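The values are calculated or read from the model by the stated rules, or taken from the named source; none is laboratory data. Note that the structure is a prediction, hence the values are computed from the model and not measured. All Cβ positions, glycine included, derive from the backbone under ideal geometry; neighbour counts span all protein chains shown. With ligands, DNA and RNA removed, areas are computed over all heavy atoms of the protein, side chains included. Shrake-Rupley method; radii C 1.70, N 1.55, O 1.52, S 1.80 Å.
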2 protein chains.
Amino acid sequence: MLLEKIKSPADVKALPTDQLSKLAEEVRAACLNRVSVHGGHVGPNLGFVEATIALHRVFSAGEDKFVFDVSHQSYPHKTLTGRAFGFLDMKRLDEVSGYSSPTESPEYDTFELGHTSTSIALATGLQKSRDICGRHENIVAIIGDGSLSGGEAFEGLDTAAEIGTNLIVVVNDNEMSIAENHGGLYTNLAQLRQTRGKAEHNFFRSMGLDYMYVEEGNDIETLIEAFGKVKDIDHPIVVHIHTEKGHGYAPAVENKERWHWTTPFDIATGELRDASEGEDYGAMMGRYLLNEMKQDPKLVVVTSGTPMVAGFTPEMRAEAGKQFVDVGIAEEEAVAMISGMAKGGAHPVWNVYSTFMQRTYDQLAQDLCINGNPAVINVFCGSVLGMNDITHIGFFDIPMLTSIPNLVYLAPSCYEELMAMEKWAISQTKHPVAIRVPGGAVTHSGETFATDYSDLGKARIVKKGSRAAIIGSGASVAWAEGAAELLKADGIEPTIISQTFASHLDEGLLESLKADHEVVVVAEDGALEGGFGEKIARYYGLSRMKVACHGVKKGLYDRYSYSDLLNASGLTPEKIAEAVRSALK
Amino acid sequence: MLLEKIKSPADVKALPTDQLSKLAEEVRAACLNRVSVHGGHVGPNLGFVEATIALHRVFSAGEDKFVFDVSHQSYPHKTLTGRAFGFLDMKRLDEVSGYSSPTESPEYDTFELGHTSTSIALATGLQKSRDICGRHENIVAIIGDGSLSGGEAFEGLDTAAEIGTNLIVVVNDNEMSIAENHGGLYTNLAQLRQTRGKAEHNFFRSMGLDYMYVEEGNDIETLIEAFGKVKDIDHPIVVHIHTEKGHGYAPAVENKERWHWTTPFDIATGELRDASEGEDYGAMMGRYLLNEMKQDPKLVVVTSGTPMVAGFTPEMRAEAGKQFVDVGIAEEEAVAMISGMAKGGAHPVWNVYSTFMQRTYDQLAQDLCINGNPAVINVFCGSVLGMNDITHIGFFDIPMLTSIPNLVYLAPSCYEELMAMEKWAISQTKHPVAIRVPGGAVTHSGETFATDYSDLGKARIVKKGSRAAIIGSGASVAWAEGAAELLKADGIEPTIISQTFASHLDEGLLESLKADHEVVVVAEDGALEGGFGEKIARYYGLSRMKVACHGVKKGLYDRYSYSDLLNASGLTPEKIAEAVRSALK
């Protein structure tokens, strides 16, 4: 096996040319091997195997700087930069992350990367610092066509052109985002592909950039020739390469969206190893919204490049027709658009992962909330139980969203409450409303919930007790209930409260607790600092009420163990019960 | 006077054609009249007088929707939509804001607008809702060339093209941003102007949009003809009009940057009415950085379209040469770029207004802080004493920035401390550091400050006392000192602490206060919710320490009175002293 002998990019350079296609085969097999067992990104990586080998053949990684975008095409690079064990050795898969990471490889990875559209902008910083420090290395930014729809990529291109020195932007055009591409830009990319780069209009040239088109983006020799021509170039150039998403693995070529990312599967058949039959909030939300659309022709569901966050399969998108809008990976546009839609009389609902909400703080504050337009946002994976890669943490949503004036942020704790809130949010006309879809497995309380949340701040008493109150929201209400069970043995019957509004305190309820409660324990499925626990602590600051806030401490977390982090954060029934006992002593 | 009789756009339509240029003269004079007394945006408004009249002549505002961008060109529109009194009647100037506002004019203003690059994205929402509701009005987005550099504008264009129905984007190209334009896109705009829209490359057409060029952007008849051609068009089109910034007022034409915005001035001479000789932190910071650059060739100062935020005049920019970078209005690019620069060994400093920081939350979190690159950010006007328009509030910075892991946010309370922190921040290599430039007038304590802030969280005891502690930061340290003066009469000598790090608690100090203090009053020059006061309240939650948090309650504030808001927020020496007295009773 060649790959086992590739310890660094120098070994790629040293290979005889006639062995490069064998290397490509091995890199592809290694990627498939990893994702089939571990899960991960399939299509984008498979399509970028040849380009990666060519890049390492032409440039000198380490000295020359590669900046990937979102990292979904970085696996082949990892296999060639001393991390093949993470793809070949079944026992060591977890040692390698799914993302570009200088922590993992200080020499060959320039940035921790997991959000899209950042590579060119980051590369302009390397470009400028190289120039100012008087060095001469090549800066290579790699970006997929799908990522070009994000405004930061545009801003990066704009600045790169002005700086005017060496910067090579490799546009890896596999004709797909996660799902199909959307936006006027993609018409131009299609024209460029059809004309082999000679179309009348050229987005990149119009930005003041030099441009080269490479049709055979999965042919190593062609790519080596192309990259050879631009190496050490004295100005910025876009090398637009046409690749095939999923190249070399038939199922992934056939169904590109399904094979963008996957859980573990059988390579031979493409079948999932563990095709879970469990419910998930995304799919349930998608079905609900699709059904609602039929009653309400003004209901428009919006996604920013991730239709499956709310289970909108290609079939469901087709069924929704003009009532479903994918703006591409462009969260700022999504928020401005739903504000405009609500202003214009439509009923927009944007479904988004919590980690990507933060790409649009200003649009939430300015375009939406200052204007008070009644758009609805469903926030998925805003939970300690959500995604756990360092770049995809979703539990900073409450500090971020609850400091934006005029935003109502609801936090349901079960399926029934989620749907009651959704119904209200879509029908009301007064507030921008975000709903924090609960973390973890779907729970059904079986309860019936009122569908009026216009009394902003009104919390829900799950169980009336005395001496101690435990306040949770979403998944943590169940942890509070677990604590109450444990406390029975101590003769303590705490009050349990669901913090229905993450954005608003129920001051009346908090005040009433003073009469017969000594301590309030706040258990947040989220960040400690900036959470609603601190707001409650502030509320009781001058009173005798004790307040214990449990939540995740501010910090960087990467591929954490759910149970370890919950435990360390005091977010288990045991820890919550212990806090109550300790305070009542 | 014609303008006095224009009560609504219908009156503009009804005017004989030969009176339109007289109307333009009057509108221009009205704009000048207002800004000469009240201050405001000069150049962009004067350049858009003719276009505004033409828009109202061709379209039916109210039914057709105009969406301005950043609102710097919205004054002429205001004069024609029932708000001329705000430009003509000296007693009523304050009744009209400097920004587009549906609160002010529900019929003719579609959105509250004050941040750039939003108009097209917002307009796509109106476009989509019109289509889904089956209506047929024209949607007109108006955007300056300077605002096109922001990613949200690009995202909007991308989506507009895909939706494919009526949307008219008027690009008001006056060849300027606030200062000169920067970015590759502007080379293309120049080519389009030089060729009267016939250049080989065309950014807008490459985005899939139809396009029309109008050279005579200050000629009403030409504009009426052009807008007439696109009215009721069935697809999106960009109408690129070439205007003159400051048109009709010689000083503003001559020095476009100086006359972008101004404080009150004498119309005849162009001289400021009150040329303040007072110090300001921006200018002082600029001089400091320019001087430092000479010692440190790797120091690079970055701005995102607002060089004057840190006093970088055109002359200083020229002197700084390659050590000064203006990325245009593109805050995301700025943050990614400084991260890349710091990674590449340069010493970048980005100067930015607090209100625009929020345009880059994700880049701060992902591109910068996860990567831990040692870039420096100077945050201006992060204070209750900063800008007070609803769209420009700067005091939500602490909730936003302090919930981002790995960001150090320093809060100096005087000039000497600011400069000590700046020196440390630039020289250290471990942390992304933001510095909250104090609000209000420059204060000199005359003290010497250590230039080592590597002990993260270490607060500063301004004065040791007992029983009560008052914790402030920035401008509020002085309010705390004022409270201490008042408390002398009560025989109370409080401890006064400057919260040096807005991002980190000094837990050792907080713990030590328990020994001989009964109450901590936290006075924040900023937001109450999500501020450091709440973190302190959380810290003391289980102890007997009383905590009173004073800060500005979450809400929308527009053109507030500084003294009223400080008073209502408990941020005066009197209110702070009263809180101490009350707690010690």
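Once each part is reduced to its C-alpha centroid, what is the distance from the range A:156-229 to the range A:54-123 in angstrom? Measuring centre to centre over Cα atoms gives 21 Å.
With coordinates expressed along the principal axes, the C-alpha atoms belonging to the range B:485-570 extend over 43, 33, 22 Å, beginning with the largest. Among rounded, prolate and oblate, which fits the range A:435-556 when a ≥ b ≥ c are the square roots of the eigenvalues of its C-alpha gyration tensor, a/c under 1.5 means rounded, and a/b larger than b/c means prolate? Rounded is the answer for the range A:435-556, as its axis ratio a/c remains below 1.5. If R0 equals 45 Å, the separation of the Cβ atoms of A:Asp455 and B:Thr448 corresponds to a calculated FRET efficiency of about 0.25.
The peptide list A:172-184, B:561-573, A:294-306, put in order of mean Cβ contacts within 10 Å with the highest first, becomes A:172-184, A:294-306, B:561-573. In the range A:336-360, comparing the full protein assembly with the chain on its own, the residues that lose 10 Å² or more of accessible surface at a 1.4 Å probe are A:Ala336, A:Met337, A:Gly340, A:Met341, A:Lys343, A:Gly344, A:Ala346, A:Gln358, A:Arg359.
Taken as Cα centroids, the range B:440-480 and the range A:377-401 sit 35 Å apart, rounded to the nearest whole angstrom. Annotation for B:Tyr562, label-to-label distances across the other copies: 5.2 nm (shortest first, one decimal, point 7 Å from Cα along Cα→Cβ).
Within the straight-line cut-off of under 17 Å between alpha carbons, the aspartates and glutamates reachable from A:Lys65 are A:Glu104, A:Glu107, A:Asp109, A:Glu112, A:Asp131, A:Glu137, A:Asp232, A:Asp234, B:Asp367, sequence neighbours fewer than 8 places apart in one chain being disregarded. Sorted into 10 angstrom bins from 0, the C-alpha pair distances of the range A:421-507 split as 15, 44, 30, 9, 1 percent. Here the sum of -39500 (n - 2.57) over DSSP H runs of 4 or more residues, divided by the residues of chain B, equals -10500 deg cm²/dmol at 222 nm, to the nearest 500. Measuring nothing but how far apart in sequence close Cα pairs (under 8 Å, 6+ apart) lie, relative to its length, the range B:102-243 scores a relative contact order of 25 percent.
At 20 Å minimum axial length over the Cα atoms and a Kyte-Doolittle cut of -1.0, report the qualifying DSSP H helices in chain A, or say none. Show your work: numbers first, answer last.
On the way: long enough: A:20-38 (26 Å, 0.19); A:119-133 (21 Å, 0.31); A:281-295 (21 Å, -0.48).
Helix filter hits for chain A: A:20-38, A:119-133, A:281-295.
With a 1.4 Å probe and all protein chains kept in place, how do B:Tyr281, B:Tyr108 rank by accessible area, largest first?
Numbers: B:Tyr281 15, B:Tyr108 35 Å².
Listed by decreasing accessible area, they come as B:Tyr108, B:Tyr281.
I'd like the FRET efficiency for A:Lys231 and A:Asp89, computed as 1/(1 + (r/R0)^6) with the beta carbon distance as r and R0 of 51 Å, rounded to 0.05. Write down the numbers at each step before the final one.
Numbers: r = 33 Å, r/R0 = 0.66.
E(calc), rounded to 0.05, equals 0.95.
With label points defined 7 Å past Cα in the direction of Cβ, position B:Ala250 shows copy-to-copy spacings of 8.1 nm, given to one decimal and shortest first. Debye sum, Cα scatterers, the range A:362-517, no solvent: what log₁₀ I/I(0) at q = 0.12 1/Å? Debye intensities relative to I(0), on a log10 scale: -0.54.
Please arrange B:Asp362, B:Asp18, B:Asp452 by accessible surface area, largest first, computed with a 1.4 Å probe and ligands excluded. Intermediate results must be reported in sequence, preceding the final value.
Working: B:Asp362 5, B:Asp18 125, B:Asp452 95 Å².
Result, largest first: B:Asp18, B:Asp452, B:Asp362.
Kirkwood radius and radius of gyration were both taken over the C-alpha atoms of the range B:259-328, and their ratio Rg/Rh is 1.06.
I'd like to know how the range A:1-152 sits against the 2.2 N^0.38 Å rule of thumb: what's its Cα Rg over that expected value? Working shown, then result.
Numbers: Rg = 15.0 Å, N = 152, 2.2 N^0.38 = 14.8 Å.
Ratio of Cα Rg to 2.2 N^0.38 Å: 1.01.
Counts of other chain beta carbons within 10 angstrom of each beta carbon in peptide B:398-405 average 6.
In the range A:72-176, Cα pairs under 8 Å separated by at least six residues give a relative contact order of 22 percent.
Can you pull the percent of the range A:446-579's accessible area that's carbon plus sulfur, 1.4 Å probe, other chains left in place? Carbon with sulfur: 49 percent of the solvent-accessible area.
Coordinate range of the alpha-carbon atoms in the range B:1-81 per principal axis, descending: 32, 28, 18 Å.
Of all beta-carbon atoms in chain B, the one sitting closest to the axis that brings chain B onto chain A gives B:Gly151, 1, with the distance in whole angstrom.
Which entries of A:Lys514/B:Lys464; A:Lys535/B:Lys464; A:Lys7/A:Lys91 show an alpha-carbon separation above 23 angstrom in the structure shown?
Checking Cα-Cα distances, A:Lys514/B:Lys464; A:Lys535/B:Lys464 exceed 23 Å.
Its relative contact order, with pairs defined as Cα atoms under 8 Å and 6+ residues apart, puts chain A at 10 percent.
What the range A:306-433 shows is 21 Å² of accessible area per residue, with the surface traced by a 1.4 Å probe over protein heavy atoms. Straightening the chain between A:Arg581 and A:Arg273 buys 106.4 nm, computed as 0.36 nm per residue apart minus the Cα-Cα spacing.
Of all DSSP beta bridges in the protein assembly as shown, what percent run antiparallel (nearest 5)? DSSP beta bridges in the protein assembly as shown are roughly 10 percent antiparallel.
Starting from the Cα gyration tensor of the range B:110-152, take the square roots of the eigenvalues, sort them a ≥ b ≥ c, and report rounded, prolate or oblate (rounded when a/c is under 1.5, otherwise prolate if a/b is larger than b/c, else oblate). Numbers along the way, then the final one.
On the way: a/c = 2.53, a/b = 2.38, b/c = 1.06.
In terms of gyration-tensor shape, prolate.
Seen from all directions on average, chain B presents a Cα convex hull projection of 28.2 nm². Calculated on the alpha-carbon coordinates, the convex hull of the range A:28-69 measures out at 83 cubic angstrom per residue.
B plus A alone minus the pair: what accessible area, both sides summed, probe 1.4 Å, in Å² to 100? Don't skip to the answer; put the middle values down first.
Numbers: alone 23380 and 23370 Å², together 38300 Å².
Summing both chains' loss of accessible area gives about 8400 Å².
Dividing the convex hull volume of the alpha-carbon atoms in the range A:202-330 by its residue count gives 164 Å³ per residue.
Rounded if a/c is under 1.5, else prolate if a/b beats b/c, else oblate: with a ≥ b ≥ c from the C-alpha gyration tensor eigenvalues square-rooted, which is the range A:140-222?
Working: a/c = 1.36, a/b = 1.16, b/c = 1.17.
Verdict is rounded for the range A:140-222.
Here the Debye sum runs over all C-alpha atoms of the range B:259-400 as equal scatterers in vacuum, and log10 of I(q)/I(0) at q = 0.09, 0.14 Å⁻¹ comes out as -0.30, -0.71.
Express the Stokes-Einstein translational diffusion coefficient of the range A:169-263 in µm² s⁻¹, to the nearest whole number, given a Kirkwood radius over alpha-carbon pairs, 25 °C and a viscosity of 0.890 mPa s. Provide the component values of the computation, followed by the final result.
Values: Rh = 14.4 Å.
For these conditions, the coefficient is 170 µm²/s.
Across A:Asp234, A:Asp455, B:Asp131, the residue with the most accessible area heads the list, and the full order at a 1.4 Å probe is A:Asp234, A:Asp455, B:Asp131. Exposure check, 1.4 Å probe, all protein chains in place: A:Glu137 carries approximately 10 Å² of accessible surface. Multiplying each eigenvalue of the alpha-carbon gyration tensor of the protein assembly as shown by 5 and taking the square root yields semi-axes of 42, 40, 31 Å, largest first, rounded to whole angstroms.
Do the alpha carbons of any pairs in A:Lys488/A:Lys585; A:Lys256/A:Lys343; A:Lys546/A:Lys575; A:Lys198/B:Lys343 sit beyond 27 Å of each other, and which pairs?
Working: A:Lys488/A:Lys585 15 Å; A:Lys256/A:Lys343 36 Å; A:Lys546/A:Lys575 16 Å; A:Lys198/B:Lys343 37 Å.
The answer is A:Lys256/A:Lys343; A:Lys198/B:Lys343.
Distances, shortest first, from the label point of B:Ser454 to those at the same position in the other copies read 6.0 nm; the point lies 7 Å along Cα to C-beta. Between A:Ala190 and A:Glu25, the FRET efficiency estimated from the beta carbon spacing at R0 = 30 angstrom works out to 0.50.
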